[in-house]
Amino acid sequence: MRGRDRMLVALRRGQPDVVPVWELIINEPVIRAICGDCSYADLIEVLDMDGCTAGEDVRFEELGGGCYRCEWGITWGTGAGGILYPLKGPIRDFRDVRDYEPPDPDADYRLESLAQLVDRFKGERCIVFLGHDAFEFSHYLVGGMHRLFRLYYEKPELAHELAEKIVEYKARVMERAVRMGADVLLSGDDYADKHGPFLSPRMFRIFVLPYLKRVVSVAKRLGVPFIKHTDGNVWPILDMIVEAGVDALHPIEPAAGMDIGEVKRRYGDRIAVVGNIDCTVVLPLLSEKEVEEVVKETIAKAAPGGGFILSSSNSIHPGVKPENFLAMVRAARRYGRYPISEDLVRQYSHRNFYAKLFAQPLRRA
């Protein structure tokens, strides 16, 4: 079975020949460590990953001092491994929301990275397009989450107007991505940290859920699966995320109390599960043998019956040991063949490596 078919079967809650392996993001330092000067696409081929990811192409203006301004007017700083993070947004006065205009979703260069992956992998590997709904870009544009929450309270009509502008852009880019050849759509907005959602379930229903539903509707209309990515403990809002019509949840972060087996037990008749090999401690700090043990437990809990894709609990970031990433992929291929071994399920499905890991002081391998 080809990687594309393997992932699409799993996203439709079916059982492929082997558990698919995919990553939302693999950062440049890890790529270089594994295969030198090769590209991201080269690494996908070298590791025989079942899927790859493309995001939209956004142009940046260099401001100096490691800072950049993107087409949205957002100023970004540069962190470890060249990863950008938002510093400030262009909307200083909430009244400016009415005059704000997003960039052009139909710009010729907007999907160049996607086009390259389509040319190389179409029909062979599953091409996931990383887009957004309205939550993250709302707080990027107004200058932080605290200011967005003030906007919700003081000027809710302007908060909705801003979200409408963002989601109109994001939905249009997602539609173009599918028509170009993307197999799967994904929203990358984070709604929570390890303590819980950033906003109450009531506020989530009012200010976030309608716009998540809007981008999911693009996938429904075009007949492709939709993955919802969000870090953190999303138990209090998970019913609503599923209600939005998503086909899968990623990454089900164990460090935030998200148990992938429990998510599958509660929601496996409605969504696929994608995750959740910890990338805060396991992949950066522990041994290859311990990585293998975590993979075996994760497969035992999440793989039986299908509807599971194995990935890290967020991304393969610069702090991940390359040898541990490789050990994760090897273990997935070794233990993820269907039918999943009954002995593996019996031995590992009731274990809880993460409970022990996050209850004790961290140690290095």
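Kindly list the number of the only condition in (1) in contact (Cβ under 8 Å) with a residue 24 or more places away in the chain; (2) open to solvent by 20 Å² or more (accessible area, probe 1.4 Å); (3) polar (S, T, N, Q) that fails for T78. For T78, the failing item is (1).
Only residues that are in contact (Cβ under 8 Å) with a residue 40 or more places away in the chain, closer than 23 Å to C126 by Cα and not acidic (D, E) were counted in the range 247-269, giving 7.
D37 falls short on exactly one of the conditions (1) modelled with pLDDT of 95 or more; (2) among the acidic types (D, E); (3) assigned to a loop (DSSP other than H, G, I, E, B), and that condition is (1).
Just checking, which of G73, G55, G89, G51 is at pLDDT 95 or above, touching a Cys at 6+ places or on another chain (Cβ under 8 Å) and not basic (K, R)? Please lay out each step first, then the result.
Details: G73 fails: touching a Cys at 6+ places or on another chain (Cβ under 8 Å); G55 fails: touching a Cys at 6+ places or on another chain (Cβ under 8 Å); G89 fails: touching a Cys at 6+ places or on another chain (Cβ under 8 Å).
Every option except G51 fails the conditions.
Only one entry in D17, D48 is open to solvent by 50 Å² or more (accessible area, probe 1.4 Å) and at positive phi, namely D48.
Here I91 meets each of (1) among the aliphatic types (A, V, I, L, M); (2) out of contact with any strand residue (DSSP E or B) (no Cβ under 6 Å at 6 or more places or on another chain); (3) closer than 27 Å to I127 by Cα with one exception, condition (3). Answer yes or no as to whether L148 is out of contact with any strand residue (DSSP E or B) (no Cβ under 7 Å at 6 or more places or on another chain), assigned to a helix (DSSP H, G or I) and buried (at least 22 other Cβ atoms within 10 Å of the Cβ). Yes: the conditions hold for L148. Within the range 212-243, the set of residues being over 16 Å from the mean Cα position of the chain (by Cα), open to solvent by less than 10 Å² (accessible area, probe 1.4 Å) and over 13 Å from L186 (Cβ atoms) comprises just one member, I237. Among residues of the range 84-106 being open to solvent by 10 Å² or more (accessible area, probe 1.4 Å) and among the aliphatic types (A, V, I, L, M), the one that is nearest to the chain's Cα centre (by Cα) is L84.
The values are calculated or read from the model by the stated rules, or taken from the named source; none is laboratory data. If you're wondering where the values come from, they're calculated on a predicted model, not measured in any experiment. Neighbour counts are summed over all protein chains in view; Cβ atoms, including those assigned to glycine, are modelled from backbone coordinates with ideal geometry. Areas reflect the complete protein model, heavy atoms only, side chains present, ligands, DNA and RNA absent. Shrake-Rupley method; radii C 1.70, N 1.55, O 1.52, S 1.80 Å.
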